[in-house]
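Below you'll find the structure, written out as structure tokens, and then a few comments.
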Amino acid sequence: MKRRILSFTGAGIFLLAIWQIASMLLAKTLLPSPVTVFQAIPDLVQRDLFHHLGASLWRITLGMVLAVFLGFLLGLLIASLPRWKNFFDPLVYLTYPIPKMALLPIVMLLGGLGDLSKVIMIVLIVMPQVLVAVRDAIEEIPEHYYDVYRVIGASSWQRFGKITFPATLPAIFSTSRVSLGTAISILFFTENYGTEFGMGYFIMDAWMRMDYPAMYAAILILSLLGLVLFVALDLLAKGVMPWRKSA
């Protein structure tokens, strides 16, 4: 843990140093120095920063949880039932390449301008990735693992709990880590439509007002939110997969 903290600290100092050098070389207000940006953070707190941050955190958390849950169920269904696999595999491969942001107007028309449409967009993008990862993880389980449990009379639920579900956990967490950055990017985009709360709205509002210190401070805070969620995923993975040294 101490080594990880030192790694994050070193990476942060390195990035801040590059930022400071770039700010000095450019010498323009559109790229303020890190010190100027940090000085702007207390002012953001007075401008309902935590309300915006809370709205974004709620949307990203709900979207990721629903995407992982639905992706797991569909991946399990496809891998367990060959007939469903023959139906869903072509469906997934045909629909996944469609740029999901092109569906935003339709999603907003059907789901409204509130949280629902933003959560749906996250689910649409993350769920297929989880589905495919879970399906592949289950299909790679050697059949003789199940044979051993059948011999001792284990039920279907026991085989699921002892073999199938643990085998899908690494795939679920790996896909969630990769998808988290994409989900935050999508959230930033969707929060520019039909809402007055969220970090995406806050950043673009500061940009429109040419309040660059506030804009960069909000970007920094959004990045820190992503970092916190990523570390939380790592800790959760280590808790539910104690057999893996580096979950």
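The values are calculated or read from the model by the stated rules, or taken from the named source; none is laboratory data. Everything quoted here is computed from the prediction, not taken from an experiment. In this analysis, Cβ positions are derived from the backbone assuming ideal geometry, glycine residues included, and neighbour counts consider all displayed protein chains. Side chains are part of the model used for accessible areas, which takes the heavy atoms of the whole protein and leaves out ligands, DNA and RNA. Shrake-Rupley method; radii C 1.70, N 1.55, O 1.52, S 1.80 Å.
Data for the structure
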| quantity | calculated |
| --- | --- |
| Residue identified as farther than 24 Å from L113 by Cβ, among the polar types (S, T, N, Q) and either at pLDDT 90 or above or within 16 Å of the chain's Cα centre (by Cα) (or both) among T190, T182, T164, T175 | T175 |
| Residue list for the stretch 234-247, restricted to those being within 21 Å of F8 (Cβ to Cβ), in a helix (DSSP H, G or I) and open to solvent by 20 Å² or more (accessible area, probe 1.4 Å) | L235, L236, K238, G239 |
| All positions within the stretch 197-233 that are aromatic (F, W, Y) and within 24 Å of F8 (Cβ to Cβ) | Y216, F230 |
| The stretch 199-213, residues that are in contact with a helix residue (DSSP H, G or I) (Cβ under 7 Å, 6 or more places away or on another chain) and farther than 14 Å from F50 by Cα | A206, W207, P213 |
| Selection status of A232, of a type in the set (G, A, S), in contact with a helix residue (DSSP H, G or I) (Cβ under 6 Å, 6 or more places away or on another chain) and closer than 28 Å to L62 by Cβ | no |
| Residue that is assigned to a loop (DSSP other than H, G, I, E, B), at pLDDT below 90 and surrounded by fewer than 17 Cβ atoms within 10 Å (Cβ to Cβ), where the choices are L91, L113 | L113 |
| Close pairs (8 angstrom Cβ cut-off, 6 or more residues apart or separate chains): free of Cβ contacts under 8 Å to residues at least 60 places away in the same chain in the stretch 65-88, open to solvent by 50 Å² or more (accessible area, probe 1.4 Å) and acidic (D, E) anywhere | none |
| Looking only at the stretch 214-233, and only at residues there that are of a type in the set (V, I, T) and in contact (Cβ under 8 Å) with a residue 12 or more places away in the chain, the one that is surrounded by the most Cβ atoms within 10 Å (Cβ to Cβ) | I221 |
